[in-house]
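Input: a single structure, listed below in structure tokens.
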Amino acid sequence: MNERTARLRQESLDAIPSLSPERAELITAFYREHLGKHAIPVMRALAFKYICQHKTIWIGEGELIVGERGPRPKAVPTYPELTCHSAEDLRILDTRPKTRYQVDEAMIRVYEREIIPFWQGRSLRDQLFQTLPQAWHDAYEAGVFTEFMEQRAPGHTVLDDKIYRKGLRDFQADIACSKALLDVEKDPEAEDKRAQLEAMDIACEALILLAERHAAEAERLAAQTTNATRAAELRRIAEVCRRVPAQAPRDFHEALQYYWFCHQGVITELNGWDAFSPGHLDQHLWPFYQRGLKEGSLTREGARELLECFFVKFNNHTSPSKVGVTAAESGTYTDFANLNLAGLLPDGSDGSNELTDLLLDIIDEMHLLQPSSNVQVSRKTPDATLKHALKVIRNGYGFPSLFNADAVVEEQLRQGKSLEDARAGGCSGCVEVGAFGKEAYILTGYFNLSKMLELALHDGLDPRTGRQLGPHTGAPESFRNVDDLLQAFEAQTHHFLDIKIRGNQVIERLYATRMPAPFLSVLTDDCIRKGKDYNAGGARYNNTFIQAVGIGSLTDSLSAIQQLVFERGDLALPELVSALDVDFEGQEVLRQRLLNKTPKYGNDDAAADDLMVRVFRFLFHAIDGRPNTKGGAYRLEMLPTTCHVYFGQVCQASADGRKAGEPLSEGISPVQGADRSGPTAVLRSAGKMDHVKTGGTLLNMKFTPGLLEGEGGIDRLHHLVRTYFKMDGHHIQFNVVTAAKLREAQEKPESHRDLIVRVAGYSDYFCDLSLELQDEIIRRTEHDTFAQ
Amino acid sequence: MNTGLGSVPAGKGRIFNIQRYSLQDGPGLRTTVFLKGCPLDCAWCHNPESQSLARELITQENRCIACGSCFSLCGPGEDPSSRPEACVEICPTGARQLLGRDVDVDELMDEVLRDQPFFDESGGGVTLSGGEPLLQPVFVKDMLAALRRRSVHTALDTCGLGRLEDLLEAAALADLVLFDLKHMDDVKHREWTGAGNAAILANLESLGQVHGQIWIRVPVIPGVNDDVENLEATARFVAGIPGVRRLDLLPYHSTGAAKFRRIGRQYLLDHVQPPTAERMVGLADLFRAHGIPATIGGNL
């Protein structure tokens, strides 16, 4: 970092997350005046344009890349048309001890006076809850599943290389062409498509307008400043903002600024999940970098400075705050913008270049929470590139994460994508796979596997509430073997997957009809060609993911029951269920036996792993290929974010010896502390899952720093990663920090504010995590071959 | 049910532990099989429980929750080791452990080959260690031969004390021999390991004529064998052995102490501090001055 970027970084770290009422006020004013006057897509586009016209423009001192979603860094707007915070919500956000958002009284008053009265009953969340059937509500409240779209729009997408070749004026020409081709006589949807295309055109205009306003502000500041160097920079910023996004970028600076305007547009239009991401940034910028260096218009230092300024912008963008159950589910400031490095080019050749290394250096030096980053490791990725990434990982920030680029391609081919589209795709959010710039790959919610077993053991009754939640699938005394139990588990799972998917059909249609995203549609193939919105199936590919949580806990519970009840006959199943019902009160000996003497997933032990494979196959067949409302299909994903903590809270004690309320296992990682046979055994166990059939799996491992010292440490980690990827493993990430250090941070958070750890597919400040999650991370087995 | 703790059934080997992701017992990522039983009794031994060929019932105190399950098995005054399997079986926490498991070659092959993909990627393989493998020569040779039939890289880690014939036959089946040298002085060797070094040195000389991949391993125990005189003597001796490819200096660490206490034995090295990193560098240079490629802890 140079002096400028070090200062910008520090300012970003020091900025306190707050909520800003500006967007809420603008959109409410617009809706109040225009409600019912336009077709809905056009209304959305005009609202977007209204915000771009009136929002505060912020250009920070010394910034080279400009644009803030809110009126200043980390001032987070709200989206009342989707989720309208109550005054109570705002007060909780302002006062809660972790991941707090500052909210001033004036905002609460504006909400009480203007925002809440207008949006109550009108927000998409209110409409959605009114429309969903009772069975959905019951399951949702019982913690069977969560729903991403109840307060954030479908986002989950990443940009490809199209903006580096075309300006928005070019996209407008494409839109005009699509409009001209509409055939009212033959196409009954022609008028609807016309409205969609009209909306996309307005959205382009809106973003160009936003850029023009930045140009004007930069010129104003340039005229004011007495600092000639800064004045020149500001004039350059103005020049860039007059060029992009209207026209294609000509150089490195314009390319970055163009992306950043697009990012602003996408996250201002709606509060889509997983922010947005430039995807293969090293590949996209490579031509600009090469040309700039060759022509002498860019230096390596200059490129680095611009990239560092660009990184700071991501870090300034704290995720939109949530309300209700999801506040506990996913308490984090990170908004999951995930850069992809290395990987493959669309022609199948190695995609790494000099910028890959430069970006790794920047990631290491800046170690900001955002943007998150990953390295797509293919067979063709040079060892030197992977080792460079491992050296950054060794420093213990939990990033970059590592993905198996060859498996990522294969997973997409299985879903029917073209080879080129699959190679140009990658991973976003935590571990989700998509075809960048061409796909809406929507995460719909986490699914609680442990709850399904709990219901199967109670004939469908939820032991936490005493309510008959699921279907009757047999009392525990009727199960003669593990097959009988699994049959009941499967029946419960089918029942709730049906409820989940039926609910989702409602939600998808609500978004398609009431909450189109015209700007995101401009950026996603083939929305313009089809005249269809991103939320309505306009994208070339449309997958909907259900994320199964707790496969480690489930497997260990099943294996314990298989061994103690059905094989050894130590106790009858009803007796075990009774022990679970009383949270092992007075039955510590039984709990210890369950914890210590039964086969556990993560030890390369077939007695446990075969059950994992069986459950996985079942889940795959139960979910994969079911149609969604957008012409695409449902897919299975194995990722928890932080939901394993929430799901653990709503589950009673389980047969793996876990006590009531404790977290479930995360991702496809073994139960915390259950893997006792070393890292290779964990990878062998995890490798038994057919990763290629998923849309992503997540495996976290913890290493002590001592084990990774020197070149030898890097070599060994390198061998582990390469071998896991040979076994088709999808993703792996490492926490390199000792349990002792984490405990110390727990006790003295004030001196460990900067400690970043891997949570589950993303990194976060350890001190910002809930106590449960902190404990859970400490318990994850620490691999150190010298500790026996 | 007293299965006896003593003799190893014919056709089987008695192992103490299988360590996957083993990093210091040869090249690459390895799986190390620790065989039970050792003719030496080194004061710094990391695995004192592995010294006896007999199976041993131990209690890991920190895992014991004093539930009393094991006492329910024994009559008054009865020794729990009279029914070791039942004792281990009934313990819910795994505090009661029976050290020593008898396996045949097929079973063991099945276990050690699980990490074969990691061996392939890293140039690793399987190491037979101990205890002392040469105490169970038939099983060790069978096992090495079985690994060789599957083209797995093999290493034999030996303290060097055993029948020369067994050593040469086993070594012929091993791609690499890790050979420990603890002290060049026969009296001191006897004092700290319980046996003299004459047979060990003679075995190394013979082995060095016929095997071309020998790594010498010298534990560096301050106050015991780290004096320059001894190490110079070690270096001179090793420099004359043609088959030696490198020498690993293994700095003392005190992990053995707790284990000695766990099995009720006195630990003689409580006062010993691990050698400093600078000291280790100095010692490595001493060997390098004799033309011997020396490492610290196996890191080149």
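Summary of computed values
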{"item": "Sorted by Cβ density within 10 Å, fewest first, the residues A:25, A:439", "result": "A:25, A:439"}
{"item": "Binned Cα-Cα distance frequencies in the stretch A:716-756 - 5 Å width, integer %", "result": "6, 20, 20, 12, 10, 13, 12, 7, 1"}
{"item": "Fluctuation leader among B:212, B:240, B:124 - chain B, Gaussian network, Cα springs under 10 angstrom", "result": "B:240"}
{"item": "Separation of alpha-carbon centers, the stretch A:556-575 and the stretch A:94-126, rounded to whole Å", "result": "50"}
{"item": "Point-to-point label distance, residue A:247-residue A:617, nm (Cα→Cβ direction, 7 Å offset)", "result": "6.1"}
{"item": "Exposure proxy order (Cβ contacts within 10 Å, fewest to most) of A:701, A:727, B:280, A:200", "result": "A:727, B:280, A:701, A:200"}
{"item": "From phi via Karplus (6.51, -1.76, 1.60), per-residue ³J(HN,Hα) for the stretch A:112-124 in Hz, x at Gly/Pro", "result": "5, 7, 10, 7, 4, x, 6, 8, 4, x, 9, 5, 4"}
{"item": "Relative contact order of chain A, defined on C-alpha pairs under 8 angstrom at six or more residues apart (%)", "result": "14"}
{"item": "Spatial separation of Cα centroids for the stretch A:7-33 and the stretch A:507-534, in angstrom", "result": "25"}
{"item": "Chain B, Rg to Rh (Cα coordinates; Rh as Kirkwood inverse mean 1/r)", "result": "0.98"}
{"item": "Helix axis angle, A:228-243 relative to chain A longest principal axis, alpha carbon, degrees", "result": "80"}
{"item": "Packing-based exposure ordering (other Cβ within 10 Å, fewest first) of A:378, A:450, A:770, A:553", "result": "A:770, A:378, A:450, A:553"}
{"item": "Estimated D of the stretch B:57-98 in µm² per second, where Rh is the Kirkwood radius over Cα pairs and Stokes-Einstein applies at 20 °C, 1.002 mPa s", "result": "211"}
{"item": "FRET efficiency, residue A:6 to residue A:120 (Cβ-Cβ, R0 56 Å, nearest 0.05)", "result": "0.75"}
{"item": "Residues residue A:187 and residue A:387, FRET efficiency given R0 of 41 Å [Cβ-Cβ distance, rounded to 0.05]", "result": "0.15"}
{"item": "Approximate spin-label separation residue A:739-residue B:10, in nm, with each point projected 7 Å along Cα-to-Cβ", "result": "4.7"}
{"item": "Compactness of the stretch B:182-300 - radius of gyration and Dmax, Cα, Å", "result": "14.9, 43"}
{"item": "Pairs beyond 18 Å (Cα-Cα), from B:141/B:259; B:12/B:36; A:417/A:630", "result": "B:141/B:259"}
{"item": "Estimated [θ] at 222 nm from DSSP helical runs (n ≥ 4, -39500 (n - 2.57)) normalised by residues in chain A, nearest 500", "result": "-15000 deg cm²/dmol"}
{"item": "5 angstrom amide H check on residue A:401, placed H, neighbours 5+ away", "result": "A:373, A:374, A:375"}
{"item": "Calculated on alpha-carbon atoms, Rg and Dmax of chain A in Å", "result": "25.8, 85"}
{"item": "Per-residue mean of C-beta atoms belonging to partner chains within 10 Å, peptide A:707-717", "result": "3"}
{"item": "The stretch A:678-719-the stretch B:206-239 distance, computed between alpha-carbon centres (Å)", "result": "36"}
{"item": "Percent of beta bridges antiparallel (DSSP, the protein assembly as shown, rounded to nearest 5)", "result": "30"}
{"item": "Amide H contacts under 5 Å for residue B:220, placed H, 5+ residues apart", "result": "B:250, B:252"}
{"item": "Derived scalar couplings ³J(HN,Hα) [the stretch B:184-200; Karplus, 6.51 cos²θ - 1.76 cosθ + 1.60; whole Hz; x for Gly, Pro]", "result": "8, 8, 4, 5, 4, 4, 5, 4, 9, 10, x, 8, x, 9, 4, 5, 5"}
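No value in this document is a laboratory result; all are computed from the given coordinates. Everything quoted here is computed from the prediction, not taken from an experiment. Quick reminder, even Gly has a Cβ in these numbers, built from the backbone with ideal geometry, and neighbours come from all protein chains shown.
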